[in-house]
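Read-outs throughout are calculated quantities, based only on the coordinates presented, and are distinct from any laboratory measurement. All values derive from a computational prediction rather than experimental measurement. Glycine also receives a Cβ, built like all others from the backbone with ideal geometry; neighbour counts cover every protein chain displayed.
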């Protein structure tokens with residue numbers, strides 16, 4: 001969006017996309033202030049997930065997944081702070097990496113089982129459905145995941161579609177920033193749900209508990225042999 005009146009430390013905007021927020025409204029170092037700081041919750045949540053994965057010795061793939069969430073959020077912060085074409089790649093490229101990582105975790109838990117992939121996918125779907133319908137805590141995770149995805153998407157669409165109208169309002173609802181916050185929780189919930197499903201698959205007796213009565217995470221009890 002148009003300049004907010006403060007000179008830019010990073011120079012003219014060169015990115016191919018901008019959001020509905022005035023540029024450099026608060027600082028010459030941050031182009032889109034709200035869209036930049038709204039990535040902080042994602043970093044904090046990913047750090048919480050990483051600590052939990054390491055502390056309970058989940059498979060390394062889950063640590064990598066939480067780290068990728070942090071990298072994505074940091075890349076988004078860099079892009080929205082600068083609005084430069086080069087930094088735009090630090091926002092978009094990690095998205096591709098993360099999608100590939102999710103595909104690996106969902107569809108290929110064991111590389112040497114490639115020949116039985118169709119059977120595994122079918123069984124995984126059955127297990128997913130069973131866990132989703134039987135375990136109340138996992139069901140709540142799934143519902144929260146869907147809710148944050150839908151609400152976040154609505155915020156993103158509102159910011160994109162009604163930008164001209166929003167520009168004339170005395171207060172900008174910062175739809176894109178809200179999208180960042182909701183997707184930060186969405187990614188955390190997705191990772192937590194995947195950890196629950198994987199722990200159930202490995203026979204680790206997972207259960208969903210809450211930190212400070214609010215933030216869900218997976219607690220497991222591995223058999224002594226593991």
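Some points to look at:
- Exposure proxy for 169, 97: other Cβ atoms within 10 Å of each Cβ, ordered fewest to most, give 169, 97.
- Distance from the stretch 15-54 to the stretch 138-167 (C-alpha centre basis), Å: 17 Å
- Extension gain, residue 97 to residue 143, is 14.0 nm, computed as 0.36 nm per intervening residue step minus the present C-alpha separation.
- Three-way shape label, the stretch 25-88, alpha-carbon gyration tensor, a/c 1.5: prolate
- Peptides ranked, highest mean first, by Cβ atoms within 10 Å: ranges 157-165, 28-36: 28-36, 157-165
- Full extension of the chain between residue 162 and residue 211 gives 13.9 nm of extra length, using 0.36 nm per residue less the Cα-Cα distance.
- Whether the stretch 162-226 is rounded, prolate or oblate, judged on the alpha carbon gyration tensor where a/c under 1.5 counts as rounded: prolate
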